[in-house]
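In what follows, a structure is listed as structure tokens, so that the remarks can point back to it.
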């Protein structure tokens, strides 16, 4: 309902402009995007010559992009596993106490 009310106050052009800004800010403004951009550039330009110099250029580049893929696929899997382990080890009580102390200082 809040989205409908907020959209009712904006014209369609203004709404799509604001939506575009939000999507770009959420996508480009993250450090994850920057990390993977740097790693992808290094995988293409630096890693084949630095780590795979005994291989031919195509094999070295494919091996370097393999390291990029492992990081790209492993990060969400590690985050999911880490979140489960963190919640089970620490527990919801500890997280609640931490959240209450943070929100108390914000008020």
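Bear in mind that the values in this text are calculations on the coordinates, not laboratory data. Model, not experiment: these values are computed from the prediction. For neighbour counting, all protein chains shown are included, and Cβ atoms are generated from backbone atoms with ideal geometry for every residue, glycine included.
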key: For 34, 68, order by how many other beta-carbon atoms lie within 10 Å, fewest first   = 34, 68
note = For the residue 50, residue 73 Cβ pair and Förster radius 22 Å, calculated FRET efficiency rounded to 0.05 is 0.50
